[in-house]
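For reference, the structure is listed below as structure tokens.
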Amino acid sequence: MKPHHHLFSHARAGAGALLAALACLPAMAQTPPPASPQGSGFVSAPLISAPITGDDGKEAVLVSATLAVGAATPVHRHPGDCIGTVVEGTIEMRIPGQEPRRYNAGQAYTSARGTTHQLVNVGTTPARFLNTLLVDKGKPRIEPVAAPEAK
């Protein structure tokens, strides 16, 4: 499936604006969020969490992640939206019932609230990506989901 590059350029612009806004927050507003489930070859580290102006029930969390060649995130979902961009490498987003979508460095992706998904490094080098989660405050930011059984 060929990605729609014009959509990604808009997503990159929106994600860039959000990242720039987060970078302007005072250091005391930064509360490191809990770590996400890690798997073999998958490492993620929260960089910042911040309140969303005008909505006390939500927060924005910026997460840096790396996938080794052939590694995958756990199958999971979030209690809010996820906006991400690939910094290095090639990843594939897998959503049950849909064709996998491939993203290269410089491209962006989204995952709507509650969408079960998995990211897999399908490239030949380690993949690095940044995810901005716009999630419900006080809830776990990632909910592992049992992988569907192979048929």
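Per residue, how much accessible surface does the stretch 50-122 expose to a 1.4 Å probe? Answer in Å², no decimals.
With all protein chains present, the stretch 50-122 gives 42 Å² per residue.
By accessible area of protein heavy atoms, probe 1.4 Å, what ranking do Arg77, Arg141, Arg102, Arg128 get, highest first?
Of Arg77, Arg141, Arg102, Arg128, the descending order of accessible area is Arg102, Arg128, Arg77, Arg141.
I want the local charge near Pro79. Using Cβ-Cβ distances under 11 Å, sum +1 for each Lys or Arg and -1 for each Asp or Glu among the other residues.
With Lys, Arg at +1 and Asp, Glu at -1, the net is +2.
At a 1.4 Å probe radius, which order do Thr53, Thr66, Thr116 fall into by accessible area, largest first?
So the residues, ranked largest to smallest area, are Thr53, Thr66, Thr116.
Rank Thr90, Thr53, Thr66 by how far each Cα sits towards the positive end of the charge dipole of the stretch 47-151 (+1 on Lys, Arg Cβ; -1 on Asp, Glu Cβ) and give me just the farthest.
About the Cα centre, the residue reaching furthest to the positive side is Thr90.
Please give me the summed charge of the neighbours of Met93: other residues whose Cβ is under 12 Å from its Cβ, Lys and Arg +1, Asp and Glu -1.
After counting each charged neighbour, the total is +1.
Under a point-charge model restricted to the Cβ atoms of Lys and Arg (+1) and Asp and Glu (-1), what is the dipole moment magnitude of the stretch 90-151 relative to its Cα centre, in debye to the nearest 20?
Computed about the Cα centre, the dipole is about 140 debye.
With the contact rule set at Cα under 8 Å and sequence spacing of 6 or more, what percent relative contact order holds for the stretch 35-151?
Taking the mean separation of contacting Cα pairs over the length of the stretch 35-151, I get 34 percent.
The values are calculated or read from the model by the stated rules, or taken from the named source; none is laboratory data. Here the structure is a predicted model, which means the values were calculated and not measured. Neighbour counts run over all protein chains shown; Cβ positions are idealised from the backbone, glycine included. Just the protein is used for accessible areas: all its heavy atoms, side chains included, with ligands, DNA and RNA removed. Shrake-Rupley method; radii C 1.70, N 1.55, O 1.52, S 1.80 Å.
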